[in-house]
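The values are calculated or read from the model by the stated rules, or taken from the named source; none is laboratory data. These numbers were taken from a predicted model, which means no experiment stands behind them. Ideal geometry is used to build each Cβ from the backbone, glycine not excepted, and the neighbour counts take in all protein chains shown. Surface accessibility is based on the protein's heavy atoms, side chains included, excluding ligands, DNA and RNA. Shrake-Rupley method; radii C 1.70, N 1.55, O 1.52, S 1.80 Å.
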Amino acid sequence: MSLIEGFKASGLLAEDLGPPVAFDSWTDAVRRSVLRFDFDCDRPGVFSGTLSDRSVAGVSFVDMECERHAAHRGRDSISAEDAGYYVLTLQLSGRLRLSQGDSSVVLTPGYFAIYDSGEPTDLVSSDGYKSSCIKFPKQRVGADGDSLEPITARAFECAAGMTSAAWTMILALNRNLDSLGDNGPLAVRGMMDLVTTMLRDELGQHQRVSDRRDALCERVSEYIDAHLADPDLTPGSIAAAHHVSLRHLHAAFEPTDHTVASLIRLRRLERCQRDLSDPLLAHVPVAAIAARWGFADASHFGQVFKRHTGLPPGEFRRGVLPHRGRVVAAGAEPAGG
């Protein structure tokens with residue numbers, strides 16, 4: 001049994017969210033309860049949604065169900081009054097694409113994410129969407145709420161351990177808020193302590209993963225520099241040399257500016273540019289320089305080099321070595337120059 005099924009079986013998930021309402025009424029409720037968004041729906045006439053919102057000690061508990069729609073929160077929608085919050089949302093059914101900054105994730109049942117009310121945000125939900133979320137001031141998770149930026153708009157699994165403990169408490173309090181009476185604020189403060197611990201744990205795991213990923217990228221970069229002359233240098237051979245899967249290698253480079261293959265090509269082109277600009281190598285044919293740095297096909301090298309610099313290699317060399325003609329014998333220039 002999944003944790004979501006367990007939550008359902010234990011009665012932790014809110015079932016009665018009130019009667020469904022039309023698109024305009026539902027979007028107004030979201031703006032009041034969560035944040036100001038601009039909404040789009042391809043079939044507003046048949047859209048229906050429900051929303052339940054309760055607040056205790058400055059923390060809002062929001063449950064919602066709806067049909068597919070899109071929501072956009074642009075920079076002009078963000079005010080000083082509503083920029084200081086985080087929204088932590090757990091997907092219960094359907095799918096949600098959440099985009100903020102450079103991150104974009106798809107939440108499926110059993111996954112959760114946190115996003116920053118002070119940053120532009122895009123949400124796209126599927127039919128059958130259902131979620132439970134809390135909105136809370138950033139100060140609730142420490143003096144520097146913005147320190148959670150590395151884990152915003154990222155998907156985390158609600159699995160056994162800290163995340164399960166935190167979400168069990170969130171859902172239990174949400175289900176029983178009306179019966180807590182004067183103990184409500186104290187209970188919510190305890191819940192937020194647990195949520196803070198969970199988020200700090202996820203932040204620490206993310207940073208440890210980032211450190212390992214950065215270390216792998218650095219080792220691979222050094223390996224590429226040391227093996228540029230090998231025409232068989234490929235992402236596959238690099239993955240094998242570092243005892244990681246090809247998928248793991250590609251994933252490590254996803255946050256960088258280059259894929260593994262483009263980094264190999266870039267480093268080779270940089271070496272070729274350097275050698276073509278060296279007066280001491282003016283007598284070396286272009287094809288030989290290309291082969292020296294792993295380009296086995298002179299014609300292919302000429303095409304790649306031109307795309308990179310805007311000039312064929314021979315023309316590039318003549319531009320940086322204007323007196324090269326006095327050194328190189330006529331007819332020494334190879335094809336591709």
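Between a first residue in region 226-249 that is under 18 Å from CYS272 (Cβ atoms) and in contact (Cβ under 8 Å) with a residue 24 or more places away in the chain and a second residue that is of a type in the set (Lys, Arg) and part of a helix (DSSP H, G or I), which pairs have beta carbons less than 8 Å apart while being 6 or more apart in sequence or on different chains?
As it stands, the answer is LEU228/ARG267; LEU228/ARG268; LEU228/ARG271; ALA229/ARG292, since those pairs meet every condition given.
Being in contact (Cβ under 8 Å) with a residue 40 or more places away in the chain and more than 25 Å from the chain's Cα centre (by Cα) narrows it down to one residue among GLU5, GLU15, GLU65; which is it?
Step by step, each of GLU5, GLU15, GLU65 is checked, and only GLU65 is in contact (Cβ under 8 Å) with a residue 40 or more places away in the chain and more than 25 Å from the chain's Cα centre (by Cα).
Any residue at all in region 149-158 that is touching a residue at least 24 places away in the same chain (Cβ under 8 Å), in contact with a His (Cβ under 8 Å, 6 or more places away or on another chain) and either in a loop (DSSP other than H, G, I, E, B) or among the aliphatic types (A, V, I, L, M) (or both)?
Scanning region 149-158 turns up at least one residue that is touching a residue at least 24 places away in the same chain (Cβ under 8 Å), in contact with a His (Cβ under 8 Å, 6 or more places away or on another chain) and either in a loop (DSSP other than H, G, I, E, B) or among the aliphatic types (A, V, I, L, M) (or both).
Sort out which residues of region 261-298 are among the polar types (S, T, N, Q) and under 38 Å from the mean Cα position of the chain (by Cα), and write them in order of number.
SER262, GLN273
Take the residues of region 260-284 that are of a type in the set (Val, Ile, Thr) and out of contact with any Asp or Glu (no Cβ under 9 Å at 6 or more places or on another chain): which is nearest to LEU246 (Cα to Cα)?
My answer is VAL260.
When the residues of region 55-80 are filtered to those that are part of a strand (DSSP E or B) and open to solvent by 70 Å² or more (accessible area, probe 1.4 Å), which remaining residue is farthest from SER179 (Cα to Cα)?
HIS72
Hey, any hits in region 115-124 for a residue that's in a strand (DSSP E or B), touching a helix residue (DSSP H, G or I) at 6+ places or on another chain (Cβ under 9 Å) and among the aliphatic types (A, V, I, L, M)?
no
Out of all the residues in region 94-114, which are part of a strand (DSSP E or B), in contact with an Asp or Glu (Cβ under 9 Å, 6 or more places away or on another chain) and not polar (S, T, N, Q)?
Result: ARG97, LEU98, TYR111, PHE112, ILE114.
Has region 35-54 got at least one residue that is of a type in the set (Val, Ile, Thr), open to solvent by less than 30 Å² (accessible area, probe 1.4 Å), within 22 Å of VAL188 (Cα to Cα) and in a strand (DSSP E or B)?
The answer is no, given that none of the residues of region 35-54 is of a type in the set (Val, Ile, Thr), open to solvent by less than 30 Å² (accessible area, probe 1.4 Å), within 22 Å of VAL188 (Cα to Cα) and in a strand (DSSP E or B).
Since ASP102 meets every condition but one in (1) touching a strand residue (DSSP E or B) at 6+ places or on another chain (Cβ under 7 Å); (2) at negative phi, which condition does it not meet?
Only one criterion in (1) touching a strand residue (DSSP E or B) at 6+ places or on another chain (Cβ under 7 Å); (2) at negative phi is unmet by ASP102, namely (1).
Scanning for something more than 14 Å from the chain's Cα centre (by Cα), buried (at least 16 other Cβ atoms within 10 Å of the Cβ) and in a loop (DSSP other than H, G, I, E, B), does region 83-93 turn up at least one residue?
For region 83-93, residues more than 14 Å from the chain's Cα centre (by Cα), buried (at least 16 other Cβ atoms within 10 Å of the Cβ) and in a loop (DSSP other than H, G, I, E, B): absent.
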